[in-house]
Every structure is written in structure tokens, then in C-alpha cells.
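In what follows, a structure is listed as C-alpha cells, so that the remarks can point back to it.
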Amino acid sequence: MTTHRPPPGPGAVRAFIALGANLGDAAAALESAFAALDALADTRLVARSSLYRTAPIGVTGHPDYLNAVAAVDTTLDAKQLLDTLLALETQHGRTRETELAPRTLDLDLLLYGDASISQPGLEIPHPRMHLRAFVLVPLAEIAPGTVIPGRGIVAELLDGIRDQRIERLPGTA
């Protein structure tokens, strides 16, 4: 990804963000979110996965999701980055009536460098990321050697999610 803005300054941290949507034009929402991530102050989009179609987990009767993962370098701290992601969701029409409701845009902060953070509303690494094909497969596409603290290397965790349906959409990288 080429950007015309200067990269974040010294001390930038590599963070990984999961993107998902299953309402409206999900592909357009994810493309808009990638652009918004690259436009964030003190942040630069450095990699993005292909888009993947996945079945919703924990509910039936909901439309399939489109999912992806982005890597950013940022000088925002983890809480500032999370707050920014939540604001981007809201700008894209996200509401939170119920926990597993369909979404116009879902942005989850998966990893923030090698940090382990447990605060109200902020859990890094994301607590279920190692159990979800919609996270691990796109993450393995862009950063297979990444270590999930307390869980292992992304590429080595893929066997544990092989039973989950996931389909890479051609031409979306």
C-alpha cells in the first residue's frame, strides 16, 4: 500500500485489525474501512489480506460475513487505536443492539505489538482470535509468522480451525 503521508514516527507499533461486515454492501464497507485505516493520523496501513466469505458463528439465519485483516503501524496507544476503530464502526452505521447482531462494519483490535493487555473493554490479544478461521486465515495470508502471545505462531494454529467454512474471494488482495 502506497501512501503520500509520512509514516508514523519512531516508536510505531505493528497492530493487526480484523474487519468484518454482513449487512449492506459488505465488500464496499471493508474497502472503505481499509481506506479509513490508512488515513488515520499517526497510523499507516502496511498490509491487507484478501476478502473472505465466512459463516456467522454462534447464530443461525444471519447472512454470511465478508472478513479481512489489516496490519498497521501506529504511534497511537492501544486504547486510542481501539477508540478510533469504534468511531469508524459508528461512522459506517454500526449499531450494537445485541452481541451477535449482523453488522455493517466490525473492527476488532487483534494484536498490538507483542503486548498482552487486560483492561475493561480492551483485551489484547483478542481472546478468541486463535479459534476463528475468519481471523487466522486472513492473518496467515499477510503475517504467517506472527506470534499470538500465549497461543503460538499464526501459521501453526491453522489446523485447529480447519472445520470452519471460509472461502477466499478471488481478486481481492
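The table that follows gives values for the structure above.
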{"item": "Search result, residues across the range 141-168 that are of a type in the set (A, V, I, L, M) and in contact with a helix residue (DSSP H, G or I) (Cβ under 8 Å, 6 or more places away or on another chain)", "result": "Ala143, Val147, Ile148, Val154, Ala155, Leu157, Leu158, Ile161, Ile166"}
{"item": "Check on Ser32, in contact (Cβ under 8 Å) with a residue 40 or more places away in the chain, among the polar types (S, T, N, Q) and in a helix (DSSP H, G or I)", "result": "yes"}
{"item": "Extreme residue, most open to solvent (accessible area, probe 1.4 Å), among residues of the range 21-51 that are over 13 Å from the mean Cα position of the chain (by Cα) and of a type in the set (Asp, Glu)", "result": "Asp25"}
{"item": "Qualifying residue in the range 36-49 (condition: basic (Lys, Arg), closer than 19 Å to Ile166 by Cβ and part of a strand (DSSP E or B))", "result": "yes"}
{"item": "Scope the range 45-69; condition at pLDDT below 95 and not aliphatic (A, V, I, L, M); matching residues", "result": "Thr54, Pro56, Gly58, Thr60, Gly61, His62, Pro63, Asp64, Tyr65"}
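For (1) among the β-branched types (Val, Ile, Thr); (2) free of Cβ contacts under 8 Å to residues at least 12 places away in the same chain; (3) in contact with a Phe, Trp or Tyr (Cβ under 9 Å, 6 or more places away or on another chain), each residue gets a yes or a no:
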residue	(1), (2), (3)
Leu37	no, no, no
Thr43	yes, no, no
Val46	yes, no, no
Ala55	no, no, yes
His62	no, no, no
Val72	yes, no, yes
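The values are calculated or read from the model by the stated rules, or taken from the named source; none is laboratory data. What you see is a predicted model, and the numbers here were worked out from it, not measured in a lab. Please note: Cβ atoms are built from the backbone with ideal geometry, for glycine as well, and neighbour counts cover all protein chains shown. Accessible surface is based on the protein model in full, side chains and every heavy atom, while ligands, DNA and RNA are left aside. Shrake-Rupley method; radii C 1.70, N 1.55, O 1.52, S 1.80 Å.
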